[in-house]
1. Give the share of C-alpha pairs in each 5 angstrom bin for the stretch 88-201, from 0 to the last occupied bin, in whole percents, shortest bins first.
2. Where the Cα atoms of the stretch 168-270 are projected onto their three principal axes, how long is each span, largest first, in whole Å?
3. Given that compact globular proteins tend to follow 2.2 N^0.38 Å, what is the ratio of the alpha-carbon Rg of the stretch 141-203 to that value?
4. Under Stokes-Einstein, with the Kirkwood radius over Cα pairs standing in for Rh, what whole-number D in µm²/s applies to the stretch 97-160 at 20 °C and 1.002 mPa s?
5. Kirkwood Rh over alpha-carbon pairs of the stretch 1-97, then Stokes-Einstein at 10 °C and 1.306 mPa s: what D in µm² s⁻¹, rounded to an integer?
6. What fraction, in whole percent, of alpha-carbon pairs in the stretch 87-128 exceed 11 Å separation?
7. If you place +1 on the Cβ of every Lys and Arg, -1 on the Cβ of every Asp and Glu, and leave all else neutral, what size is the dipole of the stretch 178-281 about its Cα centre, to the nearest 20 Debye?
8. H109: accessible area at probe 1.4 Å, nearest 10 Å²?
Amino acid sequence: MNILVTGGNGQLGKQFQKISRDASHRFFFNDKADLDICQKDQVSTFVEKSNINLIINCAAYTAVDLAEDQRDTAFLVNRDAVKNLVEVCDQNRVALIHISTDYVFDGNHFRPYKETDKTNPLGVYGESKRAGEELILNSEISALVIRTSWLYSSEGHNFFNTMLRLGKEREELNVVDDQIGSPTYALDLAKAVLVCVEKSKLWKSKRELYHFSNEGVASWYDFTKAIFDCYQMRCRVNPIPSEQFPTKAKRPFFSVLNKQKFKNDFDYNIRHWNDALKSTKI
Ligand SMILES: NC(=O)c1ccc[n+]([C@@H]2O[C@H](COP(=O)([O-])OP(=O)(O)OC[C@H]3O[C@@H](n4cnc5c(N)ncnc54)[C@H](OP(=O)(O)O)[C@@H]3O)[C@@H](O)[C@H]2O)c1
């Protein structure tokens, strides 16, 4: 299969670069500078020229707080550009795997969210990602939409790297302990997506929505403590409520995803977030 990974230099895109070396497919990695998904002609030309069979869309506008002031840009990338991908896929019989987010939920649940649960994003980023999901799920193409949460890796701007930096710089840190979710190691997500690629017969000619994160739950405080334990950092961590750390965008208090559908359909075991975290050290 010829596979195009859009947003190939982003956090998740880079994990695909790592694992694609051992995969049997031919991968093409592009980022905004060489393939802007907002430019339909660019996508269309590339897909035709390179005989692409599958697009894995890792390109996105991911600045959750900035999105509150840049609504148009967030929707341009997370909705309008996704429409471009859907149309190109439709015209060329190409399948699409698209990544979405737990921030489509409002966090008022106290049990893990299923794919069938009602969405109600609290901010512009979540709204724009939901709009992208809907375009795909209402289309006629072969597609998977995979929602994930609290994505991190040793590359890119993410909570994990920020905590490692602050943990070196400071003796003490205050971290929010009333937002609960599941940290997801981007490498684990990329590997799970490759399993979906290998088992593409299961979803050919259909559109399916899945949830995927590492197992287990944590607050940002729990996650920080675990990062510092893992990296033997002595910085003290204090739990604080969200109201003491105001952000431009509201975030869900609870965004744990139920992954049963993914585990059943792909016969897949997911490791605990703490085991995944420990593996980042190796
Ligand atoms: N990060 C999280 O905590 C998190 C949580 C849940 C879900 N997700 C979802 O997971 C996916 C991957 O996220 P990530 O953390 O890997 O994000 P990321 O590191 O921000 O990567 C996104 C990539 O997309 C590129 N991009 C932006 N606009 C583009 C365009 N018009 N054309 C082509 N490429 C474009 C970006 O390039 P520039 O940097 O040059 O703009 C960047 O390389 C996204 O769909 C995101 O919504 C992320």
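The values are calculated or read from the model by the stated rules, or taken from the named source; none is laboratory data. Computed from a prediction, not measured in an experiment: that's the story for all the values here. Because the Cβ atoms are built from the backbone with ideal geometry, glycine has one as well, and the counts that use them run over all protein chains shown. Remember, those area values only see protein heavy atoms, side chains included, never the ligands or the DNA or RNA. Shrake-Rupley method; radii C 1.70, N 1.55, O 1.52, S 1.80 Å.
1. Here the calculated profile for the stretch 88-201 is 2, 9, 16, 18, 19, 16, 10, 5, 3, 2, 1, 0.
2. Computed over the stretch 168-270, the largest-to-smallest principal extents equal 52, 30, 20 Å.
3. Its radius of gyration relative to the 2.2 N^0.38 Å reference: 1.53.
4. Working: Rh = 13.0 Å.
Result for D is 165 µm²/s.
5. D, rounded to a whole number, is 117 µm²/s.
6. Here the long-distance tail beyond 11 Å is 71 percent of all Cα pairs in the stretch 87-128.
7. On the way: 18 positive and 11 negative charges, 62 e Å.
Dipole size: approximately 300 debye.
8. About 50 Å², ignoring ligands and nucleic acids.
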